[in-house]
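Colleague: Take a look at the following structure, please.
The values are calculated or read from the model by the stated rules, or taken from the named source; none is laboratory data. Nothing here was measured: the structure is a model prediction, and the numbers come from that model. Cβ placement follows ideal geometry from the backbone for every residue including glycine, while neighbour counts extend to all protein chains displayed. Note: accessible area is taken over every heavy atom of the protein model, side chains too, but ligands, DNA and RNA are not part of it. Shrake-Rupley method; radii C 1.70, N 1.55, O 1.52, S 1.80 Å.
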Amino acid sequence: MHNCTACASFFHSAAFLDDDGNGENSDSVERPPRPESTPVEIAESKELLYLKSLLKSDGDTRAVRLIKLHIAWAWAIKHNNLQGFPWKDTYKEEFQYLSHIMTSAGKKISKELRGEPDKGLDAAHFPFPAKRTIDAFYNSCTGTPTVEMINQLSFALANEMTKDISDVSISANFGIATDAMDIIAGIEKYGNSLFGLEADHSIDQLFTKELEQLVAEVATHTSQLFLVAPDGSVVLPLAVFPHTKLTSKALADMVLEAKQKLEHVNISWVALDGDLPDIGKYLLDMCVFRDTDHVAKSGRNALMNSGVHWGDASSGVKLTLLNRLLVVPGLVADDMRKRITSLMKNFSPTPSTYQKLSVKPIKRIVDPTLISYLDEIASGHALENQILSLTRFLKLMNSVLYLWEPNGKREETLLKTV
């Protein structure tokens, strides 16, 4: 590989041009030879002189090393030798922090930063390693990461960060918060490992299972546990567990396993992102809290997807009823439709996938003024039973969402009519 000093020499030689800016080997009109007694010195540009001084006097500083890197990278592109670029030898330190930048930036931004050096100097931007080079480096350091390996590292970090807590009132009252997420079901192969199942598997184990058994073990959800100090001084991702259907027993086992692996703190409480009503019988020595935002979201999603009913089928209702009141002509008077739209503040009752994560659409449908207005228009309406079933469920969602609010947002008068 052409070294950086040679690159500088290359730029230096480029400055020795004739009077018209042509090189010594120019094919322009032949000129008579210059007298040997009168050599001509060509003045170098200020930029080139400054570059040479930097390389000579400050060549080991980080800023100048990056300039050297850029020159060498451009030289490699020009001579079609990027495959042999000495990232891990000559530019080891630069490689490590540039790799970190590329990994953090994401695929799209990384491509914009690096450009397309395979297409030549005009298409290249900044001297960043290629993604395949970064991936090979990380794989050589860690091997193929598995869920078990990641969890072991998380527990090791948690134990290291909590070992010096001296206040017993803090160390004895840590908690674990849970967050379950839907994931795209599928199986991915990395090296000899399979990902996407409820437990880590190797390729060899794949052939010991029947197809039906393998399909049944493909995870559709994953639960993330977080370690939380009672004073908020520690909040750490603790472990992740892929799974299919989540039961109270399964989640309790995850929590108890995490508690056993924590060496310096005690787990005295658990905060759930949903409502598993019987989980308390598996966690007898812990307080169990329900995350009211998540429980309200679960209620909204149930109302939106499968619907609810109060006893008989005639009271069955889905959240799409509220959509119908807004868009079906003649179902309610125009002034009523405008009033409902105004109270909803133009939020859709059935939000998109992205908006499902936000609490704002839920706050709109459980607004006490909206619920009271729906109760009013239900009287004598052809869909009276369904509208009243809807408002009854929305009142319960209101009481859950604002369960811990001290400022009176929870509408107690709504609950009296449930």
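Colleague: Is there a residue in the stretch 219-226 that is surrounded by 14 or more Cβ atoms within 10 Å (Cβ to Cβ), in contact (Cβ under 8 Å) with a residue 24 or more places away in the chain and farther than 30 Å from Asn398 by Cα?
Modeller: Checked against the condition, which is being surrounded by 14 or more Cβ atoms within 10 Å (Cβ to Cβ), in contact (Cβ under 8 Å) with a residue 24 or more places away in the chain and farther than 30 Å from Asn398 by Cα, the stretch 219-226 yields at least one hit.
Colleague: Among what's in the stretch 232-252 and is touching a residue at least 24 places away in the same chain (Cβ under 8 Å) and out of contact with any Ser or Thr (no Cβ under 9 Å at 6 or more places or on another chain), pick the residue that is nearest to Met161 (Cα to Cα).
Modeller: Ser233
Colleague: Filter the stretch 148-203 down to residues that are among the hydroxyl-bearing types (Ser, Thr, Tyr), at pLDDT 75 or above and either crowded, with 17+ Cβ neighbours inside 10 Å or not in a loop (DSSP other than H, G, I, E, B) (or both), then give me how many there are.
Modeller: Counting residues in the stretch 148-203 that are among the hydroxyl-bearing types (Ser, Thr, Tyr), at pLDDT 75 or above and either crowded, with 17+ Cβ neighbours inside 10 Å or not in a loop (DSSP other than H, G, I, E, B) (or both) gives 5.
Colleague: For Ile101, which of the numbered conditions (1) surrounded by 11 or more Cβ atoms within 10 Å (Cβ to Cβ); (2) under 50 Å from the mean Cα position of the chain (by Cα); (3) at pLDDT below 85 fails to hold?
Modeller: Every listed condition holds for Ile101 apart from (3).
Colleague: Right, another one. Answer with yes or no whether Ala136 is among the hydrophobic types (A, V, I, L, M, F, W, C) and either at pLDDT 85 or above or farther than 30 Å from Ala199 by Cβ (or both).
Modeller: Spelling it out, it is not the case that Ala136 is among the hydrophobic types (A, V, I, L, M, F, W, C) and either at pLDDT 85 or above or farther than 30 Å from Ala199 by Cβ (or both).
Let's see how each residue does on (1) at pLDDT below 85; (2) open to solvent by 60 Å² or more (accessible area, probe 1.4 Å); (3) more than 17 Å from Phe95 (Cβ to Cβ); (4) in contact with a strand residue (DSSP E or B) (Cβ under 8 Å, 6 or more places away or on another chain):
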residue	(1), (2), (3), (4)
Glu30	yes, yes, yes, no
Arg62	yes, yes, no, no
Arg65	no, no, no, no
Asn80	no, yes, yes, no
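Colleague: Testing Tyr354 on (1) of a type outside the set (D, E, K, R); (2) open to solvent by 70 Å² or more (accessible area, probe 1.4 Å); (3) at pLDDT 85 or above, one condition comes back false. Which one is that?
Modeller: Every condition holds for Tyr354 apart from (3).
Colleague: Among the residues of the stretch 87-95, are any open to solvent by less than 60 Å² (accessible area, probe 1.4 Å) and either in a loop (DSSP other than H, G, I, E, B) or among the hydroxyl-bearing types (Ser, Thr, Tyr) (or both)?
Modeller: Yes, the stretch 87-95 contains a residue that is open to solvent by less than 60 Å² (accessible area, probe 1.4 Å) and either in a loop (DSSP other than H, G, I, E, B) or among the hydroxyl-bearing types (Ser, Thr, Tyr) (or both).
Colleague: Give the residues of the stretch 374-396 that are among the hydroxyl-bearing types (Ser, Thr, Tyr) and farther than 11 Å from Leu321 by Cβ, sorted by residue number.
Modeller: First, pick out the residues of the stretch 374-396 that are among the hydroxyl-bearing types (Ser, Thr, Tyr): 379, 389, 391.
Matches in the stretch 374-396: Ser379 only.
Colleague: Still on this model: Of a type in the set (Gly, Ala, Ser), at pLDDT 85 or above and open to solvent by less than 50 Å² (accessible area, probe 1.4 Å) - does that describe any residue in the stretch 379-393?
Modeller: Checked against the condition, which is being of a type in the set (Gly, Ala, Ser), at pLDDT 85 or above and open to solvent by less than 50 Å² (accessible area, probe 1.4 Å), the stretch 379-393 yields at least one hit.
Colleague: Now for a different question. Looking at the stretch 107-129, can you tell me whether even one residue there is open to solvent by less than 80 Å² (accessible area, probe 1.4 Å), among the β-branched types (Val, Ile, Thr), assigned to a helix (DSSP H, G or I) and at pLDDT 80 or above? Before the answer, list the steps.
Modeller: Kept after step one, since they are open to solvent by less than 80 Å² (accessible area, probe 1.4 Å), are these residues of the stretch 107-129: 110, 113-117, 120, 123-124, 127-129.
Next, from what is left, pick out any that are among the β-branched types (Val, Ile, Thr): none.
Within the stretch 107-129, not a single residue is open to solvent by less than 80 Å² (accessible area, probe 1.4 Å), among the β-branched types (Val, Ile, Thr), assigned to a helix (DSSP H, G or I) and at pLDDT 80 or above.
Colleague: Working only within the stretch 236-258, note down all residues that are surrounded by 19 or more Cβ atoms within 10 Å (Cβ to Cβ) and either of a type in the set (A, V, I, L, M) or at pLDDT 90 or above (or both).
Modeller: Answer for the stretch 236-258, where residues must be surrounded by 19 or more Cβ atoms within 10 Å (Cβ to Cβ) and either of a type in the set (A, V, I, L, M) or at pLDDT 90 or above (or both): Leu238, Ala239, Leu251, Ala252, Met254, Val255, Ala258.
Colleague: For the stretch 321-358, which positions are among the β-branched types (Val, Ile, Thr) and more than 13 Å from Asn301 (Cβ to Cβ)?
Modeller: Val327, Val328, Val332, Ile340, Thr341
Colleague: How many residues, within the stretch 54-108, are among the β-branched types (Val, Ile, Thr) and under 20 Å from Tyr138 (Cα atoms)?
Modeller: Total satisfying the criteria: 3.
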